[in-house]
Amino acid sequence: FIDQVGLGMVLNETLSSLEGGLFVAIVVIFLMLAANFQSFKVSFVILTAIPAVVLGSLLLLLLTGSTLNLQSYMGIIMSVGVSIANAVLLITNAEQIRRETGNALEAAKQAVAIRIRPIIMTTIAMVVGMLPMAIGHGESGEQVAPLGRAVIGGLIFSTFAVLVILPLIFSWVQNKTTTQSVSL
């Protein structure tokens with residue numbers, strides 16, 4: 001039996017607090033989106049982008065030999081925020097178009113065509129902005145490099161998910177939904 005002492009305990013407590021904070025943030029975002037869209041289904045569709053962020057961040061951290069630490073965890077949280085913003089941008093348009101036309105698949109296609117440029121521009125701006133940090137040159141560069149790597153990996157995967165997978169999920173979930181606005 002081995003007892004952990006020193007900074008290892010503090011790091012474990014910090015990471016568990018971040019996990020709890022991320023979970024609470026996701027629940028609050030879900031409830032706010034449900035209130036905004038007057039639909040739990042639409043807010044669920046938006047949150048389906050989060051697994052792509054986590055997968056992309058963890059994969060790039062693995063490929064670059066970085067560890068999951070405080071910095072990389074903060075990068076994942078930053079990526080989740082940008083990904084949710086992109087998903088809200090897309091799904092808001094898709095839902096407006098679906099309510100007008102009644103066709104969820106066509107609405108999703110039109111929303112992607114309308115919002116592809118702002119979503120890709122946001123991703124490129126964040127990725128290019130994080131490249132110097134992800135490269136990790138300088139005296140303390142290796143300490144903050146995992147943050148940049150987590151953001152880059154998360155955004156690349158989430159952009160694909162928001163532009164390709166999210167519209168499919170939206171059209172599947174909203175296919176038979178009425179076009180009349182029903183209050184929660």
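The values are calculated or read from the model by the stated rules, or taken from the named source; none is laboratory data. Not measured: the values here are computed from a predicted model. Counting neighbours? That spans all protein chains shown, and the Cβs are built from the backbone with ideal geometry, glycine included. For accessibility, only protein heavy atoms count, side chains too; no ligands or nucleic acids. Shrake-Rupley method; radii C 1.70, N 1.55, O 1.52, S 1.80 Å.
Approximating the spin labels as points 7 Å out from Cα along Cα→Cβ, the Glu13-to-Phe160 distance works out to 4.0 nm.
The angle between the Cα long axis of helix 70-101 and the longest principal axis of the Cα atoms of the chain comes to about 0 degrees, rounded to the nearest 10.
Take Arg149: with every protein chain present and a 1.4 Å probe, its accessible area is about 30 Å².
Against the main long axis of the alpha-carbon atoms of the chain, helix 141-160 sits at an angle near 20°. The helix-based estimate of mean residue ellipticity at 222 nm for the chain, built from -39,500 (n - 2.57) per DSSP H run of four or more residues and divided by its residue count, is -27500 deg cm²/dmol to the nearest 500.
Take the solvent-accessible surface of the protein heavy atoms, probe 1.4 Å, and return the percent of it on the chain that carbon and sulfur atoms account for. On the chain, the fraction of accessible area on carbon and sulfur atoms equals 69 percent. Positive-end ranking of Val82, Ser16, Ile169 along the dipole of the chain, with charges on Cβ about the Cα centre, is headed by Ile169. Accessible area of Ile114 (1.4 Å probe, protein heavy atoms only, ligands and nucleic acids ignored): about 90 Å².
The convex hull around the C-alpha trace of the chain, projected and averaged over every direction, spans 12.5 square nanometres.
Coordinate range of the alpha-carbon atoms in region 103-173 per principal axis, descending: 55, 20, 9 Å. Here the relative contact order of the chain, from alpha carbon pairs under 8 Å that lie six or more residues apart, stands at 32 percent. Against the main long axis of the alpha-carbon atoms of the chain, helix 50-64 sits at an angle near 30°. How high is the FRET efficiency between Val5 and Leu63 when r is their beta carbon distance and R₀ equals 30 Å, given to the nearest 0.05? For Val5 and Leu63, the calculated efficiency is 0.35.
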